[in-house]
Structure formats: structure tokens, C-alpha cells
Amino acid sequence: MNDTIPSDREAPLRRTLLVGSGKLAARLAPRLLERGGEVIALRRSDGALPPGVVGLRADLSLPLSTPLPAVDAMLVTLPPGDTSSAYRTALTNLAEALPAVPARTVFVSSTGVFEGVDAAHPLTEQDEPVPATERSRGLYDGERAAIELFDAVVVRPAGIYGPSREFLLRKVREGSPVNHRRRTNRIHEADLVRALDLLLRMDEPPRLVHAVDAAPAPLGDVVGYIARTLDVSAPPDDPSASPSGLVYDGSLLHSLLGSLDHPTYETGYAEMIAGSAGRGPGV
């Protein structure tokens, strides 16, 4: 794994606020702490946190009753919410509770901003979303709110997978039909965390990054590889599904990281399958 970047591109992190404490935040927090920074996790409910992380409880769908501490950097990994305005509401309440805008904010969105778009070419950061569903409109409005309120760097992952994200492995083991002709993109959780870590520290980060690996592929190819590796039959094609999906260009991400730990789905899923086997049956 290559986590080094030139020192003149890094800014020291002193206190980082993790808004949302899901899998990405839990995996990133130890990296921040190892560099001597403070880490605060803002979440809706209590629960276990990585050692050294300070937890704060708040529901960002409502104005916060107490102010938040000043922070140097902030990572926002909130779920989309139930309405197209949920992100904007949460981010506005967050902004009003902070004493000052952090020097760096990274907002994790999704390639889902392109839902409803029909494009034959790989989509880059220069392609403008035209949201056509309530979910895509909500995601895109969240991006704009994050930029307006925090001058945020926006990251759009596609198909996050990795340990504890084994949905597709379960589908293959169950033999459930899938749309073999759907074009898919993904990013291993380890590479996404590396990217978030880097974007929090870079002096001059890009304003928008598509977080995808180097191997977009039809879903049939992916489930076929998983099935062969598991030594089971590939799940059947869903005859009722039409060809769908988009392809995203991850060149910018790859240039930032230098190399990916898992540039293709083969390496990522092979590691996951080996790990599942090591944990025994029923995983």
C-alpha cells in the first residue's frame, strides 16, 4: 500500500470532525489518530467508536441545541435521507452549530447523482449531472449545499465494497438472478479511505473526484468471477431487466493515489472471499 505523498502537498490535521460514524469514518479515524490529531465523531446514536475518538450525539435533521467545537477539518458521510432536501437541511444545521467553517471539508456523495442520465462515454468530473430521480436530485443538492456552506471537496464513490460489505457475495451464494448486462463500477473501501485521508490533507485538492477503480465491467462478468472463485454456479441473468448503468472514468483518483490497492474487482473480491473462508461457515 502506498500512502505517501510529497510533504509540500500535505497540511497537518489537528482536529477533525467526522459527521456520520459509519464504516468509512471508523476506518479513517485510526489513520488520523496515528498522525497525532484529535478526532470527534458526530452521530445520531451511541455505539462503539474506535479507541481515541470522542463521540458527540446529535440529530442534524433538527437545529442543534448546543454548539459544536471548532475543528480544522471535517468529513461528511451522511446517508441521503428521506427527502430531496434532507442533505441541505442537515448541512445547514451543521453550519449553524459550528463556530467557524473548517479549513477543509470533504463531502462524500455518490455517482448516483447521474441516475437517469444516458451516456455512452465514460463520465468524468467535467460531465454535469442532470438529476432525473428524487434520490439523484437530493444527492446533487447535497453537493451544492456542501460547496456553498463549507467550500467542500466532493467525492463521488461508486459501488463501495470490502470487508463487511458482502452483498454481492451473498447474491452469488444464493444464486439470485441479477442483470448480467448492467454496466457497473466500484471502489474498494480501503482505496476510498486512502483517498479521503489524502483529500483532507492536501494543500490544493481537486474540487471533485470520481472514486472508482480501473475495471468497470458488466455485472455478469463480476458475478461470474465471484462464482468461479467460490466454486459455485453463476447466478442466472434476470430476463426482465434491460441493459443499464454507466461507466465512470477514475483517472483523476488514480493519479492522486499513484496506485490502487485493489485496481480491479478480481483482486478485491479474491481477498474478501479468502477472508470469508477464514472466518468459517455462516459468514
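Considering the conditions (1) of a type outside the set (Ser, Thr, Tyr); (2) surrounded by fewer than 16 Cβ atoms within 10 Å (Cβ to Cβ); (3) at pLDDT 90 or above; (4) part of a helix (DSSP H, G or I), Asp8 is excluded by exactly one of them, (3).
Please determine, by comparing only the residues of the stretch 107-122 that are in a loop (DSSP other than H, G, I, E, B) and out of contact with any helix residue (DSSP H, G or I) (no Cβ under 7 Å at 6 or more places or on another chain), which one is surrounded by the most Cβ atoms within 10 Å (Cβ to Cβ). Steps first, answer last, please.
Restricting attention to the stretch 107-122, the residues satisfying the condition of being in a loop (DSSP other than H, G, I, E, B) are 109-110, 115-122.
Narrowing further to those that are out of contact with any helix residue (DSSP H, G or I) (no Cβ under 7 Å at 6 or more places or on another chain): 117-122.
Details: Val117: 15, Asp118: 9, Ala119: 12, Ala120: 6, His121: 9, Pro122: 17.
Ranking the candidates gives Pro122 first.
Is it the case that Ala41 is in a helix (DSSP H, G or I) and either within 21 Å of Ala190 (Cβ to Cβ) or not hydroxyl-bearing (Ser, Thr, Tyr) (or both)? No; evaluated as a whole, the condition is false for this residue.
Listed residues Arg35, Arg88, Arg104, Arg31; which is surrounded by fewer than 21 Cβ atoms within 10 Å (Cβ to Cβ), under 22 Å from Ala195 (Cβ atoms) and under 19 Å from the mean Cα position of the chain (by Cα)?
On the way: Arg35 fails: under 19 Å from the mean Cα position of the chain (by Cα); Arg88 fails: under 22 Å from Ala195 (Cβ atoms); Arg104 fails: surrounded by fewer than 21 Cβ atoms within 10 Å (Cβ to Cβ).
Matching residue, one of Arg35, Arg88, Arg104, Arg31: Arg31.
On the stretch given as the stretch 259-283, residues that are at pLDDT 95 or above and loosely packed, with under 13 Cβ neighbours inside 10 Å total 0. Scanning the stretch 14-38 for residues that are touching a residue at least 12 places away in the same chain (Cβ under 8 Å) and assigned to a loop (DSSP other than H, G, I, E, B) yields Arg14, Gly20, Ser21, Gly22, Arg35, Gly37. Any chance the stretch 229-246 includes a residue that's assigned to a loop (DSSP other than H, G, I, E, B) and surrounded by 20 or more Cβ atoms within 10 Å (Cβ to Cβ)? Yes: the stretch 229-246 contains one or more residues that are assigned to a loop (DSSP other than H, G, I, E, B) and surrounded by 20 or more Cβ atoms within 10 Å (Cβ to Cβ). Just one of the listed residues (Glu96, Glu128) is out of contact with any Lys or Arg (no Cβ under 7 Å at 6 or more places or on another chain), surrounded by fewer than 14 Cβ atoms within 10 Å (Cβ to Cβ) and in a helix (DSSP H, G or I), and it is Glu96.
Does at least one position in the stretch 176-188 carry a residue that is surrounded by fewer than 20 Cβ atoms within 10 Å (Cβ to Cβ), under 18 Å from the mean Cα position of the chain (by Cα) and closer than 23 Å to Ala26 by Cα? No - not one qualifying residue is present in the stretch 176-188. Specify which of the listed residues (Leu219, Leu198, Leu260, Leu230) is closer than 29 Å to Glu148 by Cα, touching a residue at least 40 places away in the same chain (Cβ under 8 Å) and either out of contact with any Pro (no Cβ under 7 Å at 6 or more places or on another chain) or not hydroxyl-bearing (Ser, Thr, Tyr) (or both). Selected residue: Leu198, the only one of Leu219, Leu198, Leu260, Leu230 that is closer than 29 Å to Glu148 by Cα, touching a residue at least 40 places away in the same chain (Cβ under 8 Å) and either out of contact with any Pro (no Cβ under 7 Å at 6 or more places or on another chain) or not hydroxyl-bearing (Ser, Thr, Tyr) (or both).
The values are calculated or read from the model by the stated rules, or taken from the named source; none is laboratory data. These figures come from a predicted structure and were not determined experimentally. Using ideal geometry, Cβ is built from the backbone for each residue, glycine included, and neighbour counts are taken over all protein chains shown.
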